[in-house]
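Trainee: Below are the structure tokens for one structure; questions will follow.
All of the numbers you see were taken from the coordinates with simple rules; none came from a lab. Just so it is clear, the model here is predicted, and its values are computed rather than measured. Positions of Cβ are generated from backbone atoms using ideal geometry, with glycine treated the same way; all protein chains shown enter the neighbour counts.
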Amino acid sequence: MHVPSALLRVLRPGLQVPFANACAFGGIAALVMHAMRTVELCEEAFPLAVALVVGASLIVMRLLFGRSPNAHRAQLHGLLWPPVIGCIAGALVHSTMCLDRPYMEMSIAGVSLGGAGPEVVAVALLSGLAGLLGAALLLPQVIVVVRARAAMRDGGAQLAQTAARLAVAMWGIALGVTGVACALARETELGTSAALAAGAALGLAGQGVCAWLARQPVLQPAPAPYR
């Protein structure tokens with residue numbers, strides 16, 4: 001059976017795992033902003049923050065899985081980058097909200113965040129703490145891939161199998177996270193949350209297609225994962 005090379009390139013784990021992670025991180029951002037009632041302050045901030053998190057996550061995933069020089073550096077990046085993304089997204093989005101509300105002052109549980117610059121810093125730090133959820137999601141993946149690479153004695157077959165399973169697992173997690181975001185979404189949050197959930201569903205379906213193709217008797221080899 002001849003399988004178009006373009007389809008194999010799209011479905012390979014080296015592309016699918018980063019997209020799945022980015023989608024899951026977008027879902028986490030949506031849940032955090034839902035809890036913080038961000039859209040009640042600025043409706044446009046919700047899709048902006050999700051887009052920032054997804055875009056930054058894709059860049060980090062490429063650096064992490066494709067270009068990390070060694071296992072220690074990969075694990076360090078996996079732990080540090082999600083909080084950094086959270087800090088940057090939180091600071092940018094909050095600064096954007098403050099452009100036409102220069103005197104806005106937020107509080108959490110009755111405690112004022114100080115307004116102006118101190119408030120931006122406080123929101124950035126709180127968003128960075130939320131980014132630890134992304135680190136908890138990402139770090140086990142890095143460890144699994146590092147171990148599979150270290151045990152690579154069969155021409156990369158074990159690494160390829162590990163990567164394929166990881167792609168299925170991550171799209172499943174992304175669908176779960178974005179599904180919860182949809183279920184909890186307010187009307188003004190629903191469009192962005194539904195787009196994330198639809199993307200996760202398509203990704204999981206694509207991995208089903210990939211698993212079906214892998215059972216075919218003649219299959220063009222896909223590029224090595226995480227290269």
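Trainee: Work through the residues other than Leu31 whose Cβ is under 14 Å from its Cβ and net out their charges, Lys, Arg +1 and Asp, Glu -1.
Mentor: Charge balance near Leu31 sits at +1.
Trainee: Then there's this: Just in region 35-95: which GluC sites (Glu not before Pro) are loop by DSSP and have at most 13 other Cβ atoms within 10 Å? Walk me through the numbers before you get to the answer.
Mentor: Details: sites: Glu40, Glu43, Glu44; in loops: Glu43, Glu44.
Sparse-neighbourhood loop GluC sites (Glu not before Pro): Glu43, Glu44.
Trainee: Could you give me the ³J(HN,Hα) list for region 15-24, computed from phi with Karplus coefficients 6.51, -1.76, 1.60 and θ = phi - 60°, whole Hz, x at Gly and Pro?
Mentor: Calculated HN-Hα couplings, in order: 9, 6, 4, x, 5, 4, 5, 4, 5, 5 Hz.
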